[in-house]
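Q: What follows is a structure written as structure tokens; I'll ask about it next.
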Amino acid sequence: MRSVGPVLSCLLISALACGDGMEAHHSPRSTLVGAAEPAGRGAPVSGPLALTPDDKLLLVASPDHQQLIVVDRAQRAVVRHIPLGVVPSHVVVDENGLALISAEHAHEVHVVDPVSGAHLRSMKVGVSPVGLALKEPGVVAVALAGESAVALLDVNTGRVVAKTRLTTPEPRALAFLPDGKLVVSHLTRPVLSVVDYGSSSVRSVDLHGDRSVLGSMKPTLVTSMTLDERGTVILPHSQANVVGILAPPPDPGCRYYSGCEGRSGAVVPSVTEVAVDLPLAETGAACSSCTPDAVTVRLLDPNGALPTPLHNPVASALVGDGRAIAVLGLGTQNVVIVAREGTGVRVLGTAEVGEGPVGMTVTRDGKQLYVFNQFNASISEVDLGSFRVDGTWHSFIPRTFRIAEDVLPPDVAEGRRLFHTALDPRVAANAGASCAACHPGGQADGQTWMTTDGPRNTPSLGGGLLKTAPFHWRGDVETVEDLNNSTIRPLMGGTGMEARSAVQMAAYLDRLPQTPSTQALYPRAPDDVERGRRIFEDPVVGCATCHRGEMLTDNLNHDVGTAHSEDDAAGLQTPSLLGLSRSAPYLHDGSIKTLEQLVDLVVARDRMGQGSQLTRGERADLVAYLESL
């Protein structure tokens, strides 16, 4: 998920997010026949914003409104609002102008005719569908974030005709290369998966690039993808500086997370280009034959060097005849255009857009760029007609227009803005940090940060955070307002939230729903899950002694032998187990990579509870239950 609106609005339709099977619900309509869009368009392959093939209509998948909003581009006016009854995530358009829309929390893909407004079909496809890519007439690939898989969906029959399991979790963006291979990005891992349908193989490409330049930085939050005409993959994302924040700042003006001049912060914006057609390693391995030219990484503003701030890049587009890259910054509400040459960074222009920019697209002639600003339901139009890739600085002034009314409660809306912004001095300094940069959509980023307190694994925030107070692994933060003294002031450099802002942030955080489990649609084996539940609740084993109640936590500190310092000797907080199957790695130090390891190396060794008497089959049943939470 790239934006948080889907998870907020999902609360309104939770009944639609369950069920199983692959049934398709049809409306009267002729057979769907679309075809894949040609490579080289220069816009993200899928996202919450798309253009029809004739560039006349903008299609906005609005999660807050649970609608596909159709906008006449020339008139800058809304043509129609098409209710979906679910929270949309991504939209793509086939060559006939039909829109395919993924609904992450409802586990569905929908087909809509934006011209007539007809809702043609809805299809259950798998757990948490996100990114889409058109493969051939009538066939679309869907990234199933909750299943670590990619499905091929026949939109005429509503059937999943193939499903490919991936060795890397949380797939997000998809794109078909000119040779038919499918490239897949991942939210929490620094690799691309490459699916070859001809040989039925899956391979991986390491996104680290030149480690002599990047050091300990890890590519993360790769949620969007663009192709050029040669099939080179362009990825806007962040680099997690997981070790670099450990050293004390050089002066009081610096902060661990925000960075300062001459010092990188915790999360560094970047763009990575990958020539995927080079020889690749075997399934699950890194690209052992990649050369520095195969993976080109441009760090954008690692230490305040750019003339304009950029934070939390979520989309990119090729502009200037493909010689420049426009990068959309969610945390800084702007578009920054950089030259596409070598590994250096030359900024060519900027444009300030609306609140919560989450999607971007460009017209086929490259003359207009559009941004969907989710937080104030608007579109920003950037005129690129005079743009040239030369030494001229371009300061664009977009035309921004509203497409819908606000629907979120005001406190929740303001809390969402505070959570995502890097520009509000109350939250962060130097426009270099935001809450969303480590908790994308309220989820975990999969990173273990080397802090002055020791290693700290990022927790997921969904499911009713306020019920899990006190917060942080040490349990030393009683309220959201107390984050001022523990995180915002000392680490992010913000001046601090006043009481009203803390209430607004809390209202937003408490509305984030739980991430669907990997078994949300199809339990691995109901009998196994039930046996695992009984083991979990067995007082002899003791799991439920600490993991109890609605949130499966007693909200207390316990010493389970994992402390890394004397400060941790008083124990660490019992984490909620909601959404456990999608929040790896585990423990406060991220030392446990899978649920199988958690049971075999921790529970079965009596480090948590008393599970040493469990048989191999019982341990497998316990894992099945944990996966279902």
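The values are calculated or read from the model by the stated rules, or taken from the named source; none is laboratory data. Keep in mind it's a predicted model, so treat the numbers as computed, not measured. Here the Cβ is made from the backbone with ideal geometry for all residues, glycine too, and neighbour counts use every protein chain on show. Side chains are part of the model used for accessible areas, which takes the heavy atoms of the whole protein and leaves out ligands, DNA and RNA. Shrake-Rupley method; radii C 1.70, N 1.55, O 1.52, S 1.80 Å.
Q: How high is the FRET efficiency between ASP567 and THR157 when r is their beta carbon distance and R₀ equals 60 Å, given to the nearest 0.05? Numbers along the way, then the final one.
A: Values: r = 59 Å, r/R0 = 0.98.
Once the sixth-power term is evaluated, E becomes 0.55.
Q: Want the number for VAL407 to VAL560: 0.36 nm per residue separation, take away the alpha-carbon distance, what's left?
A: Gain on extension, VAL407 to VAL560, equals 50.6 nm.
Q: Assign unit charges at the C-beta atoms only (+1 for Lys and Arg, -1 for Asp and Glu), then state the dipole size of segment 535-584 relative to its Cα centre in Debye, rounded to the nearest 20.
A: Approximately 240 debye in magnitude.
Q: Just to confirm, what accessible area per residue do you get for segment 526-624 at 1.4 Å probe, in whole Å²?
A: 49
Q: Send over the semi-axes of segment 364-403's equivalent ellipsoid, whole angstrom and largest first, taken as the square roots of 5 times the C-alpha gyration tensor eigenvalues.
A: For segment 364-403, the semi-axes come out at 23, 11, 7 Å.
Q: If you don't mind, another one. For the pair SER199/GLU261, report the inter-label distance in nm, with labels modelled 7 Å from Cα in the Cβ direction.
A: 5.2
Q: With each pseudo-label sitting 7 Å past Cα toward Cβ, what's the GLN613-ALA74 distance in nm, one decimal?
A: With each label point 7 Å from Cα toward Cβ, the separation is 7.8 nm.
Q: Tell me the volume per residue, in Å³, of the convex hull enclosing the alpha carbons of segment 420-468.
A: 108
Q: Taking all protein chains together and a probe of 1.4 Å, list TYR522, TYR625 from the most accessible to the least accessible.
A: Working: TYR522 70, TYR625 25 Å².
The ranking, largest first, comes out as TYR522, TYR625.
Q: With charges only on Cβ, +1 for K and R and -1 for D and E, what is the dipole size of the chain about its Cα centre, in debye, rounded to 20?
A: Dipole size: approximately 660 debye.
Q: Gain in length, LEU601 to GLU95, computed as 0.36 nm per residue apart minus the alpha-carbon separation, to one decimal in nm?
A: Taking 0.36 nm per residue and subtracting the Cα distance, the gain is 176.9 nm.
Q: Given the convex hull of the Cα atoms of segment 517-629, what is a quarter of its surface area in nm²?
A: Details: hull surface 26.4 nm².
Directional mean of the projected Cα hull area for segment 517-629 stands at 6.6 nm².
Q: Right, another one. For segment 456-510, rounded, prolate or oblate, judged on the Cα gyration tensor with a ≥ b ≥ c (square roots of eigenvalues), a/c < 1.5 rounded, else prolate if a/b > b/c?
A: Oblate, since a/c reaches 1.5 and b/c is not below a/b.
Q: Using only the alpha carbons of segment 101-172, determine the length spanned along each of the three principal axes and report them from longest to shortest in whole angstroms.
A: For segment 101-172, the Cα spread along each principal axis is 41, 24, 16 Å.
Q: With a probe of 1.4 Å, find how much accessible area segment 119-242 has per residue, and write the answer as a whole number in Å². Don't skip to the end; give the middle numbers.
A: Numbers: 3440 Å² over 124 residues.
Accessible area per residue: 28 Å².
Q: Which of PRO236, LEU153, GLY117 sits closest to the plus end of the dipole of the chain, meaning its Cα is farthest towards the positive end, when Lys and Arg get +1 and Asp and Glu get -1 on the C-beta?
A: Among PRO236, LEU153, GLY117, the one farthest towards the positive end of the dipole of the chain is GLY117.
Q: For the pair ALA499/SER116, report the inter-label distance in nm, with labels modelled 7 Å from Cα in the Cβ direction.
A: 5.8
Q: Sorted by accessible area with a 1.4 angstrom probe, largest first, how do TRP449, TRP473, TRP393 fall?
A: Values: TRP449 20, TRP473 45, TRP393 115 Å².
Ranking TRP449, TRP473, TRP393 by accessible area, largest first, yields TRP393, TRP473, TRP449.
Q: Hey, any idea what % of the chain's accessible area is carbon plus sulfur with a 1.4 Å probe?
A: On the chain, the fraction of accessible area on carbon and sulfur atoms equals 51 percent.
Q: Using a 10 Å cut-off on Cβ atoms, rank the peptides 590-602, 398-410, 115-127 from the highest mean neighbour count down.
A: Those peptides, ordered most packed to least, come out 115-127, 590-602, 398-410.
Q: May I ask you to derive the relative contact order of the chain, considering only C-alpha pairs under 8 Å and at least 6 residues apart, and to give it as an integer percent?
A: Computed over the chain, the figure is 10 percent.
Q: For ALA351, what charge total do you get from the other residues with a beta carbon under 13 Å from its beta carbon, if Lys and Arg give +1 and Asp and Glu give -1? Mind dumping the intermediate values first?
A: Details: positive: ARG399; negative: GLU352, GLU381, ASP383.
Once positives and negatives cancel, what remains is -2.
Q: Next question. Under a Cβ-Cβ cut-off of 10 Å, what is the net charge of the residues other than ALA74 that fall near it, where Lys and Arg count +1 and Asp and Glu count -1? Before the final figure, lay out each step's value.
A: Working: positive: LYS56, ARG73, ARG76; negative: ASP55, ASP72.
Here the count lands on +1.
Q: How much length would be gained if the chain were fully extended between ALA469 and ARG548, taking 0.36 nm per residue of separation minus their Cα-Cα distance, in nm to one decimal?
A: Contour length minus the Cα-Cα distance gives 27.0 nm.
Q: On to the next question. Just to confirm, what accessible area per residue do you get for segment 436-491 at 1.4 Å probe, in whole Å²?
A: On a per-residue basis, 36 Å².
Q: Tell me what the chain gives for mean residue ellipticity at 222 nm when only DSSP H runs of n ≥ 4 count, each as -39,500 (n - 2.57), the sum divided by the residue total, rounded to 500 deg cm²/dmol.
A: Calculated from helices alone, the mean residue ellipticity at 222 nm is -2500 deg cm²/dmol.
Q: List, in the order given, every pair from LYS467/LYS593; LYS124/LYS467; LYS124/LYS181; LYS218/LYS367; LYS135/LYS593 whose Cα-Cα distance in the structure shown is over 30 Å.
A: LYS124/LYS467; LYS218/LYS367; LYS135/LYS593
Q: State the three equivalent ellipsoid semi-axes of segment 327-411, derived from the C-alpha gyration tensor as the square roots of 5 times its eigenvalues, in descending order and whole Å.
A: Value: 26, 14, 10 Å, ordered largest first.
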